[in-house]
Amino acid sequence: MSKHNKQEMVVRHKLFDRICHWFIVAVGLVTFLTGFSFFYPSFQWLGAIAGTPQLAKFIHPIAGLMMCLPLMLMLVRYYHHNKWEKHDLAWMLAIKDVMFENEEKIPPIGHYNPGQKVLFRAFVLTSITLTVTGFIMWQPYFAPYFSATVVGWAIVLHAICALIMLMFVMVHFWMATWVEGSITGMLYGKVSKAWCRKHHPLMLDEHSDVEKH
């Protein structure tokens with residue numbers, strides 16, 4: 001890559017965050033497949049990823065922790081990019097132009113758009129809820145310390161949150177594929193300044209402020 005091209009690229013995701021992201025994707029896939037295999041009878045065949053239903057039940061809570069803990073770490077690291085800004089409301093009011101890609105009418109945004117910030121908050125709430133309810137219902141280690149009623153409600157809430165998180169994961173995947181170059185940024189860490197000017201123009205201002213300091 002030439003010196004000129006290097007100068008035209010900016011860092012969007014650091015190496016540590018990219019490793020965390022793809023690790024979460026891998027263990028998250030195992031978590032969802034094993035979880036659905038014994039939560040919903042019609043999906044029992046998904047447990048084949050673990051070999052047996054018994055092994056799926058053993059692997060699921062461990063994989064769940066391996067998914068949620070680094071996810072919450074990433075959420076802490078990305079918090080400063082996900083604060084609500086005054087320009088976010090203007091972007092949300094122009095959602096029709098966003099969907100139809102009327103770029104000249106879309107208000108400028110920073111590192112993340114309001115839709116991504118909503119996803120951020122959804123992942124915070126669901127990951128915390130899944131972790132807490134997962135511990136409550138984890139047999140035979142923690143469940144005996146709670147009443148049958150508490151465990152029963154934990155199971156229901158756990159299943160609901162899992163479905164909600166799955167829906168938001170699908171939205172996250174759709175958004176990443178919809179905006180060309182987003183996945184490249186998470187794979188290699190950098191995006192072009194032209195990409196920033198088109199999709200996240202205020203991100204360049206943020207980088208300029210960091211460089212000045």
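Taking the condition among the small types (Gly, Ala, Ser), surrounded by 16 or more Cβ atoms within 10 Å (Cβ to Cβ) and in contact with a His (Cβ under 6 Å, 6 or more places away or on another chain), does Gly47 pass? Spell out the reasoning first.
Working: among the small types (Gly, Ala, Ser): yes; surrounded by 16 or more Cβ atoms within 10 Å (Cβ to Cβ): yes; in contact with a His (Cβ under 6 Å, 6 or more places away or on another chain): no.
No; evaluated as a whole, the condition is false for this residue.
Can you tell which of Thr52, Thr133 is buried (at least 18 other Cβ atoms within 10 Å of the Cβ), farther than 26 Å from Met186 by Cβ and not aliphatic (A, V, I, L, M)?
The match here is Thr133.
Could you look through segment 59-110, keep only residues that are of a type in the set (Phe, Trp, Tyr) and free of Cβ contacts under 8 Å to residues at least 60 places away in the same chain, and pick out the one that is nearest to Thr133 (Cα to Cα)?
Looking at residues that are of a type in the set (Phe, Trp, Tyr) and free of Cβ contacts under 8 Å to residues at least 60 places away in the same chain, I get Tyr79.
Suppose we keep only residues that are β-branched (Val, Ile, Thr) and loosely packed, with under 15 Cβ neighbours inside 10 Å within segment 74-117. Which one would you say is farthest from Ile19 (Cα to Cα)?
The qualifying residue farthest from Ile19 (Cα to Cα) is Ile95.
Coordinate-derived values only; no laboratory data. From a predicted model like this one, the values you see are computed outputs, not experimental measurements. With ideal geometry, Cβ positions are generated from the backbone for all residues, glycine too; neighbour counts draw on all protein chains shown.
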